[in-house]
2 protein chains.
Amino acid sequence: MERREGEETVVAENGSTQENPKDGSICGFDSLHRLLQASLSPQLFQEVSRMLLGLNCGKEVEPITLQRPIKALSSKHNFDLQAFSFSADRESLRGPRIVRVGLIQNSVALPTTAPFLNQREGIFQKLIPMIDAAGSSGVNILCLQEAWTMPFAFCTREKKWCEFAEQIDGESTSFLQQFAQKYNMVIISPILERDLNHGETLWNTAVIIGNHGNIIGKHRKNHIPRVGDFNESTYYMEGNTSHPVFETAYGKIAVNICYGRHHPLNWLAFGLNGAEIVFNPSATVGELSEPMWPIEARNAAIANSYFVGSINRVGTEVFPHPFTSGDGKPQHSNFGHFYGSSHFSAPDASCTPSLSRCKDGLLISDMDLNLCRQLKDKWGFRMTARYEVYSDLLARYMKQDFEPQVISDPLLHKSAQVLP
Amino acid sequence: MERREGEETVVAENGSTQENPKDGSICGFDSLHRLLQASLSPQLFQEVSRMLLGLNCGKEVEPITLQRPIKALSSKHNFDLQAFSFSADRESLRGPRIVRVGLIQNSVALPTTAPFLNQREGIFQKLIPMIDAAGSSGVNILCLQEAWTMPFAFCTREKKWCEFAEQIDGESTSFLQQFAQKYNMVIISPILERDLNHGETLWNTAVIIGNHGNIIGKHRKNHIPRVGDFNESTYYMEGNTSHPVFETAYGKIAVNICYGRHHPLNWLAFGLNGAEIVFNPSATVGELSEPMWPIEARNAAIANSYFVGSINRVGTEVFPHPFTSGDGKPQHSNFGHFYGSSHFSAPDASCTPSLSRCKDGLLISDMDLNLCRQLKDKWGFRMTARYEVYSDLLARYMKQDFEPQVISDPLLHKSAQVLP
């Protein structure tokens, strides 16, 4: 088994990527944005990227220039570094509430056959320059990817990987608390949690570390997939923390972990509880979900009038023992390509370009949280939502004798029916 | 005031459009898909369009070749004509349930200063070749655009335009019933409804005409906008028909009218009632909503495991009396550009290219309704949705004393707060 290193993928000038010489895996092109930038005339690229990034009405997503030492970190440690700023109107009765937010995506550091302690320590070490880059850039809130301390081993159905589970105040939290304190930065740390007080129950959990290094609280993943190789329901159950919004020094934030992004009700609940930024730390592979990736987060940002930060891990993880995928294909030990592509979406339907599909990255964005209320006032989605209708519908739907509201064509029997 | 005719816009070879010589309005490029097709190498275009159309895992959206007389109708009457086919797996215990579905987008036929009777008759006449093209192509279900019998005059706040309102069995329904019968075709007809039995109440309503020309039922728009020039709340109120699904000869269909597409709960409700295709007849303009247009319908199709057919009218409508828009800009009589771009979205996250942004059009797509269940079985969104959690949340949210679930950082007072 070869070592997998997303960061060693070669990115060509035209935005396409070459084969990884170590294991022959192909990441494909680096990012749609860069691919189009390299291929279209500047004028046409501007028009197309405005369409794709949802820019309109004079709104811009402006690149931010970071200081040279931070760029140097990115070059030295070979991670993608991009920074943007969303625009918002100035208000008369409130000052702007601009926060700088960061997302980190990364591949694992060592082969999955290495001792677990080394694997975790390897990830800690490779994250340090990226966290330093975020902190030195003045990032106020930083979010890491789902289960960032370990390979995404749930595909294997092997219980050995549960050893990576930690308590809320475990090693990874301690590791991050020093950076939170040093940089006065809120850090969201999604880990596999071991709940000692409830019989060693495992959860998929985001720990919210405050900007003084304190633990503010936790959120446990609400919706667990049973699709493809995402055998997470083998390991842990649906979360029991409901939809908490964390009031931090830099605004009200929430965490919609991975598969929860497919559930509009989950996004809605964080919105009803007042979230201004919702993070979606994920681990998902190209074959399965890439067509959905640019859609769901942006829709959530629009529908709920908040910002969304989407993170996907990157690279291909190969496991010691082959497994089957319930698709009739032969056993294999490769989970498929985690396609990165982390990005931010805004409530005005705009979004940033995405990080690389192939390498580690830090994405930074400035956002004025006032934009959330501005969009609520403009579009009025909360006020026109008629929640009472849906409260009633869901209450009826939960009953065994629920009958859908169907109006049948009385002439159905006369028809040349397509229905069987 | 000049006559507005989207169909006279000149579409250049490179997909861009020229100025309309009649009123100087600029539609912009014809469609993103065509713009990229004309600008990228064939190989690169294929890669990019696969990303943008959400094609993956061997799924394709294949063009369908229509018969020459149908293409001739499109050339003669200068409407965009495109046809595609979504793919689905063959099942062992059910035959395929392939239906052919059509969407029509159009500009108005006459200036808004013409006698109302002529305006409506003009639209009837210009639609005939498009409906004939749909019927002759074997379309099973055809949907027209929102309030298709009239200009979208609600921006004016003038009550004179209410004259266009009709009863469910009015002139426009009679007009369409003949085509439904002739072509054995279900037709969805979104009109401004006048409800004589309830004191002349006005509604924004879709009439469902069965394939024998019978009226199956109606649905009234659930959510009414109060944004920009969309002054529809001046004219009619939120619908009282809830979320009916119509069981037709060709499958279970529902209608989410216009602004309802911004409400994930509205989409959800049609899904819970069993819809397999949800139509979204709309009237919306570029400045306001174009960045959201490619996102919301596709998200609904993914989240609810059904097909979506999105329709937007096309062209710029100019009204006799100028009006202001609550944006501090001077009065004007032009509603802005309705950008067409009608398209289909599938539950597997794929979608068709969109119709023109500038001219009338008929979009046809074949879809195997079995794909809906296939995606439900694959992704399990219905089963992992935890509706009981949200039923409870919405019930609590409706109460005056609802308190959001917020966990505040106990060290918040220590922080250099961004919050005011």
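If you check A:Gly228 against the conditions, is it over 17 Å from A:Ala147 (Cα atoms) and in contact with a Ser or Thr (Cβ under 7 Å, 6 or more places away or on another chain)?
Numbers: over 17 Å from A:Ala147 (Cα atoms): yes; in contact with a Ser or Thr (Cβ under 7 Å, 6 or more places away or on another chain): yes.
Against the criterion (over 17 Å from A:Ala147 (Cα atoms) and in contact with a Ser or Thr (Cβ under 7 Å, 6 or more places away or on another chain)), A:Gly228 qualifies.
Restricting the stretch B:202-247 to residues that are among the acidic types (Asp, Glu) and within 28 Å of B:Lys159 (Cβ to Cβ), which is nearest to the other protein chains (Cβ to nearest Cβ)? Spell out how you get there, then give the answer.
Of the residues in the stretch B:202-247, the ones among the acidic types (Asp, Glu) are B:229, B:232, B:238, B:247.
Retained after the next criterion (residues that are within 28 Å of B:Lys159 (Cβ to Cβ)): B:229, B:232, B:238.
Values: B:Asp229: 13, B:Glu232: 11, B:Glu238: 6 Å.
Among residues in the stretch B:202-247 that are among the acidic types (Asp, Glu) and within 28 Å of B:Lys159 (Cβ to Cβ), the one nearest to the other protein chains (Cβ to nearest Cβ) is B:Glu238.
Restricted to the stretch A:77-106, and to residues there that are free of Cβ contacts under 8 Å to residues at least 12 places away in the same chain and within 12 Å of chain B (Cβ to nearest Cβ), the residue that is farthest from A:Leu55 (Cα to Cα) is A:Leu93. When A:Gly199 is tested against (1) more than 14 Å from every other protein chain (Cβ to nearest Cβ); (2) small (Gly, Ala, Ser); (3) touching a residue at least 24 places away in the same chain (Cβ under 8 Å), exactly one condition is not met: (3).
Give the stretch B:207-218 a look and list any residue that's farther than 16 Å from B:Gly251 by Cβ and either touching a Gly at 6+ places or on another chain (Cβ under 8 Å) or surrounded by 24 or more Cβ atoms within 10 Å (Cβ to Cβ) (or both), or say none. Answer for the stretch B:207-218, where residues must be farther than 16 Å from B:Gly251 by Cβ and either touching a Gly at 6+ places or on another chain (Cβ under 8 Å) or surrounded by 24 or more Cβ atoms within 10 Å (Cβ to Cβ) (or both): just B:Val207.
Inclusion of A:Asp327 among residues that are among the acidic types (Asp, Glu), in the same structural domain as A:Ala147 (by TED's automatic domain parsing), surrounded by fewer than 21 Cβ atoms within 10 Å (Cβ to Cβ) and over 26 Å from A:Ile208 (Cβ atoms) is warranted.
Suppose we keep only residues that are in contact (Cβ under 8 Å) with a residue 24 or more places away in the chain and of a type in the set (D, E, K, R) within the stretch A:47-76. Which one would you say is farthest from A:Cys358 (Cα to Cα)? The qualifying residue farthest from A:Cys358 (Cα to Cα) is A:Lys59. State whether the residues of the stretch B:101-117 include one that is at positive phi and not charged (D, E, K, R). No, the conditions are met nowhere in the stretch B:101-117.
How many residues does the stretch B:259-277 contain that are within 7 Å of chain A (Cβ to nearest Cβ), farther than 18 Å from A:Gly380 by Cα and crowded, with 24+ Cβ neighbours inside 10 Å? Count: 2. In the stretch A:291-313, how many are farther than 16 Å from B:Ser345 by Cβ and touching a strand residue (DSSP E or B) at 6+ places or on another chain (Cβ under 7 Å)? So the count comes out to 11. Note on the stretch B:193-300: enclosed strands (runs of 3 or more DSSP E) holding 3 or more residues that are over 17 Å from the mean Cα position of the chain (by Cα) are B:201-209, B:215-220, B:245-248. Would you mind stating whether B:Ser354 is in contact with a strand residue (DSSP E or B) (Cβ under 7 Å, 6 or more places away or on another chain) and modelled with pLDDT of 95 or more? Answer is yes for this residue.
Is at least one residue of the stretch B:145-154 outside any strand (DSSP E or B), of a type in the set (D, E, K, R), touching a Cys at 6+ places or on another chain (Cβ under 9 Å) and at pLDDT 95 or above? Don't jump to the end; show me each part of the working.
Of the residues in the stretch B:145-154, the ones outside any strand (DSSP E or B) are B:145-154.
Keeping just the survivors that are of a type in the set (D, E, K, R) gives B:146.
In the following step, the residues that additionally are touching a Cys at 6+ places or on another chain (Cβ under 9 Å) were identified as B:146.
Then drop every residue that is not at pLDDT 95 or above, which leaves B:146.
There is at least one residue in the stretch B:145-154 that is outside any strand (DSSP E or B), of a type in the set (D, E, K, R), touching a Cys at 6+ places or on another chain (Cβ under 9 Å) and at pLDDT 95 or above.
Within the stretch B:170-193, residues that are over 17 Å from B:Asn280 (Cα atoms) reach partners that are modelled with pLDDT of 95 or more and part of a helix (DSSP H, G or I) with beta carbons closer than 7 Å, at six or more positions or on different chains, in the pairs B:Phe175/B:Phe124; B:Phe179/B:Ile131; B:Phe179/B:Gly135; B:Lys182/B:Gly135; B:Tyr183/B:Gly135; B:Met185/B:Gly135; B:Met185/B:Phe179. A search for C-beta distances below 6 Å between a residue of the stretch A:238-255 that is in contact (Cβ under 8 Å) with a residue 12 or more places away in the chain and any residue that is among the acidic types (Asp, Glu) and not in a strand (DSSP E or B), counting only pairs 6+ apart in sequence or on different chains, returns A:Thr248/B:Asp409; A:Gly251/A:Glu276; A:Lys252/A:Glu276.
If you take the residues in the stretch A:375-416 that are charged (D, E, K, R), within 7 Å of another protein chain (Cβ to nearest Cβ) and over 34 Å from the mean Cα position of the chain (by Cα), which one is nearest to B:His219 (Cα to Cα)?
Initial filter on the stretch A:375-416 (charged (D, E, K, R)): A:376-378, A:382, A:386, A:388, A:392, A:396, A:399, A:401, A:403, A:409, A:414.
Right, trim to within 7 Å of another protein chain (Cβ to nearest Cβ) and you get A:378, A:386, A:388, A:409, A:414.
Within this subset, residues satisfying the condition of being over 34 Å from the mean Cα position of the chain (by Cα) are A:409, A:414.
Values: A:Asp409: 14, A:Lys414: 23 Å.
The selected residue is A:Asp409.
Across the stretch A:335-368, which residue is farthest from the chain's Cα centre (by Cα) among those that are farther than 22 Å from A:Leu36 by Cβ and surrounded by fewer than 24 Cβ atoms within 10 Å (Cβ to Cβ)? Taking the candidates together, the pick is A:Asp368.
Could you identify the single residue in A:Asn280, A:Asn256, A:Asn312, A:Asn304 that is under 15 Å from B:Ile295 (Cα atoms) and either facing chain B (nearest Cβ under 10 Å) or out of contact with any Leu (no Cβ under 8 Å at 6 or more places or on another chain) (or both)? It would help to see each step written out before you state the result.
Values: A:Asn280 fails: under 15 Å from B:Ile295 (Cα atoms); A:Asn256 fails: under 15 Å from B:Ile295 (Cα atoms); A:Asn312 fails: under 15 Å from B:Ile295 (Cα atoms).
Within the list A:Asn280, A:Asn256, A:Asn312, A:Asn304, the selection yields A:Asn304.
Scanning the stretch A:33-76 for residues that are more than 14 Å from chain B (Cβ to nearest Cβ) and of a type in the set (D, E, K, R) turns up A:Glu62, A:Arg68, A:Lys71, A:Lys76. Of all residues in the stretch A:29-55, those that are at pLDDT below 90 and among the hydroxyl-bearing types (Ser, Thr, Tyr) total 1. Given the condition in contact (Cβ under 8 Å) with a residue 24 or more places away in the chain and more than 20 Å from the chain's Cα centre (by Cα), answer yes or no: does some residue in the stretch A:139-149 qualify? No, there is no match, as no residue in the stretch A:139-149 is in contact (Cβ under 8 Å) with a residue 24 or more places away in the chain and more than 20 Å from the chain's Cα centre (by Cα). For the stretch A:379-391, a residue qualifies if it is in a helix (DSSP H, G or I) and not small (Gly, Ala, Ser), and the qualifying residues are A:Trp379, A:Tyr387, A:Glu388, A:Val389, A:Tyr390. If you go through the stretch B:364-379 and keep only what is acidic (Asp, Glu) and over 26 Å from B:Ser136 (Cα atoms), you end up with just B:Asp377.
The values are calculated or read from the model by the stated rules, or taken from the named source; none is laboratory data. All values derive from a computational prediction rather than experimental measurement. FYI the Cβ positions are ideal-geometry reconstructions off the backbone, even for glycines, and counts take in every protein chain you see.
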